[in-house]
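As structure tokens, the structure follows; a few thoughts come after it.
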Amino acid sequence: MRRQSSAILAIVGVLASANVAAETVEEIAGRQVFHRCQACHSIDPGKLGFGPNLHGIVGRPAASLPTFVYSDGLKASGLVWNEETLRKWISDNTKLVPGTRMRHVAITDRAEQDYLLAYLKAQSDNMGPAQAQVLLDRAVALLEREGPQRAFAAFNDRNNGGFIARELYVFVFDMKGRYMASGANPALTGTDALSMQDAEGKELVREMINIAQSAGSGEVDYVWLNRAENKVEHKRSFIRRVGDYIVGVGYYLN
């Protein structure tokens, strides 16, 4: 396999020097590795195939595209496709998720994995409402199943909690507007956010509490800093009341 990896790099070296200055050598090498995946998958945004579309796969919650019917095993996995889980998947997907319908992949060469991951990382887009809803559903299920202590710890765990999907994260308030968890900034836990305002002066936590008390769930639109882009953008959060808590996940509308 190492010889194959070296051969791929040799090919890409010619391509890179020829006309693909915008891509790194690793990304071009990954495009060559991705040829093995093209029979089932596309990286063109929105294009359907036998397998799910892989545009924006890195950082996306597993089984979160509304246009694809996933196996029960993958839907129940709770995975977020980060570098670690993708390596395990392309090495032995049936071991990572028993019951998956996808045939065994077996890309076990570390260098080829590096190339493929570099290529997939370059195929990026923002998370949308479908991914936010999936993350919210999983967060609510964990809170109902495991209780506040374990759930809030998972929501705050930015490395291994499974509730960070690029710019998506879970936040929780109690009914008095106090932070119970924040995947964006766990240090906020325990602080009072009742009077918190967005960039246009809207008291969004008070609105979330009003919706939770009256309807139990809903949506809140506001203007917020997108730290990934370092600019203020319009954002929408899905919220749901679970007992004495308000659980939410927001996504940017751009």
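Taking the simple approach of a point 7 Å from Cα along Cα-to-Cβ for both Val25 and His234, what is their distance in nm?
4.5 nm
Above 18 angstrom, tally the Cα pairs of the range 123-174 and express them as a % of all pairs, no decimals.
Summing the P(r) tail past 18 Å for the range 123-174 gives 29 percent.
Could you list, in their original order, any pairs among Lys47/Lys235; Lys88/Lys121; Lys202/Lys231; Lys202/Lys235 whose Cα atoms are separated by more than 21 Å?
Check vs 21 Å cut-off fails for Lys47/Lys235.
Using the scaling law 2.2 N^0.38 Å as the reference, what is the normalised Cα Rg of the chain?
For the chain, the normalised Cα radius of gyration comes out at 1.13.
Is the range 127-254 rounded, prolate or oblate when judged by the Cα gyration tensor, a ≥ b ≥ c being the square roots of its eigenvalues, rounded requiring a/c under 1.5 and prolate requiring a/b larger than b/c?
Note, shape of the range 127-254 comes out rounded.
Might you tell me the accessible area per residue for the chain, computed with a 1.4 Å probe and given in Å²?
51 Å²
So what is the calculated 222 nm ellipticity per residue for the chain, using -39500 (n - 2.57) for each DSSP H run with n of 4 or more, over all residues, to the nearest 500 deg cm²/dmol?
-11500 deg cm²/dmol
So if I place +1 on the C-beta of Lys and Arg and -1 on the C-beta of Asp and Glu, and nothing else carries charge, what would the dipole magnitude of the range 35-182 be about its Cα centre? I want it in debye, nearest 20.
Dipole magnitude for the range 35-182 comes out near 140 debye.
Return one number: the angle in degrees, 0 to 90 and rounded to the nearest 10, between the long axis of the Cα atoms of helix 129-146 and the longest principal axis of the Cα atoms of the chain.
60 degrees
Report in % the part of the accessible area of the chain that belongs to carbon and sulfur, leaving out ligands and nucleic acids; probe 1.4 Å.
With neighbouring chains kept in place, the figure for the chain is 51 percent.
The values are calculated or read from the model by the stated rules, or taken from the named source; none is laboratory data. Only a predicted model underlies this, so the values are computations on that prediction, with no experimental measurement involved. All Cβ positions, glycine included, derive from the backbone under ideal geometry; neighbour counts span all protein chains shown. Ligands, DNA and RNA are excluded from the accessible area calculation, which covers all protein heavy atoms including side chains. Shrake-Rupley method; radii C 1.70, N 1.55, O 1.52, S 1.80 Å.
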